[in-house]
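Inspection log for the structure reproduced underneath, given as structure tokens.
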């Protein structure tokens, strides 16, 4: 992303292979008021520097991109897949697609009357259909296992417009961080976690998403802190419908998803290097808001209103640890029966019957009793 005086001036979108050794350029754009300053070249140079060993596929270009490419000087042309035979990079990129991109670029170069670095492009302008078909079977879709909402903590965020007084309060380091976090949550609403957020594997990624939103869509002026949430895994529950990428999850058409909030962090735009935050232990029961109220689940509607606030009579619940008696009903009943039986025998004047033991255990017990009678033991 190119910033000029803190203002968004352009951006470069790319896909990066999970192993970091292949990069696909999806698009590059410079805002009209900032064109002609070399920003596109600066961003592309930065891409080369950020991935110094990766294959780069610049894809197909439009008319403006064709004119820019004719002026651009690549810092590492040897890593451009358009300059190399498919045998070297076919595992990462589909040779048929790359051949089609090259053909389109060649046509636009001729149409625009530019050179387009044609001497650097591998077999520029020659038929490549047979070679592309030969190497196409080598291509492999990247194997990337995205995060699992049922087993991993996830982080999402929202830009929150606050009244000035509340804004000053939640950024006041003299106040208890846990108290400030609870006030923020009450203001937002326990059922109002953002449904549109991409839930990331790290807090840093959640803050980065909010920063990109702020640059591309500045929104209203005034005190707008960036607020992130840490969710515990949805253990023991069926994961709602979601879209999984390599490092983030996005819930599709959220119907109001019950989650456990384990912590919150927030930053101001004026001082983004200072992070405020608090952990909730135990976690707080909250919900990701429904994308459309008409699709909200009955459980969500029963607990939260349309603003995400708790309904009258509903309280902010804390997730409690599992009961130590869970799943032990039969064991507890058997113990109770033995206690009742022993009590009845005592009431009748009889000593309670000792539980039957294997012969080896019985001998060890008798031997222990004899040793015990020999003298006192220190405790």
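The values are calculated or read from the model by the stated rules, or taken from the named source; none is laboratory data. Computed from a predicted model, the values in this text were never measured in an experiment. Note that we place each Cβ from the backbone using ideal geometry, even for glycine, and neighbour counts take in every protein chain shown.
Below, the figures for the structure above:
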{"item": "Whichever residue in the stretch 311-331 is surrounded by 10 or more Cβ atoms within 10 Å (Cβ to Cβ) and modelled with pLDDT of 60 or more and, among such residues, is nearest to residue 182 (Cα to Cα)", "result": "316"}
{"item": "Filter result (touching a helix residue (DSSP H, G or I) at 6+ places or on another chain (Cβ under 6 Å) and either in a loop (DSSP other than H, G, I, E, B) or farther than 24 Å from residue 45 by Cβ (or both)) within the stretch 68-86", "result": "72, 75, 76, 86"}
{"item": "Candidates 298, 290, filtered to the one that is in the same structural domain as residue 258 (by TED's automatic domain parsing), loosely packed, with under 12 Cβ neighbours inside 10 Å, modelled with pLDDT of 60 or more and within 30 Å of residue 154 (Cβ to Cβ)", "result": "298"}
{"item": "Residue among 149, 173, 142 that alone is buried (at least 17 other Cβ atoms within 10 Å of the Cβ), under 30 Å from residue 195 (Cα atoms) and touching a residue at least 60 places away in the same chain (Cβ under 8 Å)", "result": "149"}
{"item": "Qualifying residues in the stretch 111-128 (those that are surrounded by 12 or more Cβ atoms within 10 Å (Cβ to Cβ) and assigned to a helix (DSSP H, G or I)) - the one nearest to the chain's Cα centre (by Cα)", "result": "120"}
{"item": "Residue tally, condition part of a loop (DSSP other than H, G, I, E, B) and either without any contact (Cβ under 8 Å) to a residue 12 or more places away in the chain or in contact with a helix residue (DSSP H, G or I) (Cβ under 6 Å, 6 or more places away or on another chain) (or both), over the stretch 291-304", "result": "0"}
{"item": "Qualifying positions in the stretch 198-217 - surrounded by 13 or more Cβ atoms within 10 Å (Cβ to Cβ) and assigned to a loop (DSSP other than H, G, I, E, B)", "result": "198, 201, 202"}
{"item": "Residue list for the stretch 12-59, restricted to those being under 24 Å from the mean Cα position of the chain (by Cα) and in contact (Cβ under 8 Å) with a residue 40 or more places away in the chain", "result": "17, 18, 19, 21, 22, 24"}
{"item": "Count - residues of the stretch 98-109 that are closer than 16 Å to residue 130 by Cβ and surrounded by fewer than 17 Cβ atoms within 10 Å (Cβ to Cβ)", "result": "2"}
{"item": "Residues of the stretch 16-49 that turn out to be in a strand (DSSP E or B) and exposed (fewer than 12 other Cβ atoms within 10 Å of the Cβ), as a count", "result": "2"}
{"item": "Residues within the stretch 163-197 that are in a loop (DSSP other than H, G, I, E, B) and under 27 Å from residue 302 (Cα atoms), tallied", "result": "8"}
